[in-house]
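Single-structure report; data block below.
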Amino acid sequence: MRHLLIIVAGLLTFTGCAGPDMNTAVEAIVQATPSIKTQGRATEAPAPTLIPLLPETPMPTATFVSTATPLLPETPMPTATAVPTATSLLPETPMPTATAVPTATSLLPETPMPTATALLTATPLLIETPMPTATSVPTATPLLTETPMPTATAVPTATPIPPRIPTITILSESNFSTDEIRAWTEVATSRLNYTAPDILGVIWSIGTEIGPTGDVGAPFSQYTQVRTSAELSGIADAVDTWVDATGCNTEPWPARENSHLKERVRVWIEGSYEASTAAIPCLESRIPLVGAHSKQSDDTVQKIYLHELYHSLQVSLYEGACKEIETGPSGITEPVTDPIREAKSEAGRWFGEGTAEYFAFAIQSQLKGTNNGVQLMLAEAGKSASESKNINDGGIATTGSAAVRLLVERGVITEDQILNGSLFQACDWVDTFGATLPEIIHAKANWHQLENVGGTWGFTSTALKRP
């Protein structure tokens with residue numbers, strides 16, 4: 001009978017009926033059994049103690065555990081997923097999670113339990129908390145269909161404008177070949193710190209002085225003719241062609257001025273005038289002109305040509321460079337004469353002429369391979385100083401060159417500034433070297449303070465002394 005009770009208790013435990021209801025059932029079975037025979041006499045069987053078998057603490061009801069059908073023929077137990085191995089009749093020690101359900105070793109016959117279908121993994125002795133329903137991941141709203149960017153049309157690379165290559169054209173009816181004059185011009189323009197303009201160098205030979213001829217040929221004197229009329233007219237025609245090809249005549253005012261310029265130049269050449277000047281059709285085109293008479297040495301003619309070449313390179317001396325442009329009475333847009341600036345320019349004439357003479361001596365010395373240009377220049381100034389101390393008397397180019405040299409030795413300007421043409425690139429030179437500035441006043445007043453010591457020309461200590 002005891003064995004039967006144990007079996008019943010085990011079945012009740014396995015099927016989830018353990019607890020108060022199970023105890024009641026066991027007691028009913030016991031009461032229905034009158035007695036147990038012990039050693040041949042009837043003795044009332046004591047009620048079995050249930051504490052060892054089933055602890056008083058009720059077992060938690062397993063959720064979703066399928067009821068195993070007992071005693072079924074060889075139906076294999078469904079494989080329980082993650083059901084902990086139950087240790088029979090032990091106190092409530094949490095069971096370790098078993099991956100597979102072991103074969104029951106209870107007092108049941110050796111019939112294997114059927115495989116539990118879809119058993120949930122039970123957390124030992126805890127009420128199984130239902131797994132939260134997985135929230136479905138919302139389908140991502142697709143982004144707008146990417147519209148392909150239009151292919152950028154390549155901006156055509158601007159064709160760079162090549163730098164203007166200055167040209168040198170030489171016309172000569174003189175003792176000098178065009179190659180010689182070209183070589184002078186190339187050396188001179190190589191010293192500039194800016195792109196040189198196009199140069200037309202012109203030299204023609206003349207004889208002896210006849211004298212002024214009034215307005216015709218002014219401001220120069222006429223000389224006897226030593227070249228044929230055809231030779232001289234050929235040069236004048238070539239000047240006309242060159243001026244017309246410069247592109248300087250695109251506006252009415254320069255076109256009008258250049259028409260007058262060609263007329264004057266033709267008179268000077270064909271009339272054998274001693275024209276030593278710089279004609280400027282426009283900023284990009286310059287014409288140094290020299291009528292070389294018979295009494296001048298080759299060195300003198302060369303120096304005069306270099307002097308006039310420098311004038312043609314003094315940018316701000318061009319009439320249209322530093323004047324306001326307005327529509328004149330004739331309806332043509334042209335530079336307007338500014339009396340104040342005109343006065344400043346005239347007051348600074350010694351500076352413009354002096355720097356041109358300084359340049360001529362320096363380049364001529366370079367062409368000869370010597371370094372005595374300054375000495376020769378001061379020697380000429382010494383001669384003028386013996387005649388007059390006024391910078392405006394005599395040859396202003398000579399006296400002015402000495403004043404310019406004094407500015408160099410006193411550190412006011414540099415020789416490089418003279419030779420590279422930078423002093424005249426800006427229109428403010430008339431103010432920078434204005435007549436009222438102390439250094440300018442000193443240079444004009446002391447240019448003649450020259451002395452020759454042991455064959456070397458220089459300024460006296462009085463001229464060089466700084467306040």
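Laid out as a table, the results:
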item	result
Failed item, numbered, when residue 386 is tested on (1) surrounded by 14 or more Cβ atoms within 10 Å (Cβ to Cβ); (2) farther than 23 Å from residue 186 by Cα; (3) not charged (D, E, K, R)	(1)
Residue match in the range 380-401 (condition: outside the structural domain of residue 199 (by TED's automatic domain parsing) and within 45 Å of the chain's Cα centre (by Cα))	yes
Total residues in the range 385-418, condition farther than 22 Å from residue 454 by Cβ and touching a Gly at 6+ places or on another chain (Cβ under 8 Å)	10
Number of the condition not met by residue 291 [criteria: (1) without any contact (Cβ under 8 Å) to a residue 40 or more places away in the chain; (2) in contact with an Asp or Glu (Cβ under 7 Å, 6 or more places away or on another chain); (3) farther than 24 Å from residue 426 by Cα]	(1)
Residues that are in a helix (DSSP H, G or I) and farther than 15 Å from residue 321 by Cα, drawn from the range 423-435	431, 432
Which listed residue, of 263, 274, is closer than 28 Å to residue 316 by Cβ, among the acidic types (Asp, Glu), touching a strand residue (DSSP E or B) at 6+ places or on another chain (Cβ under 7 Å) and surrounded by fewer than 21 Cβ atoms within 10 Å (Cβ to Cβ)	274
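The values are calculated or read from the model by the stated rules, or taken from the named source; none is laboratory data. These figures come from a predicted structure and were not determined experimentally. Ideal geometry is used to build each Cβ from the backbone, glycine not excepted, and the neighbour counts take in all protein chains shown.
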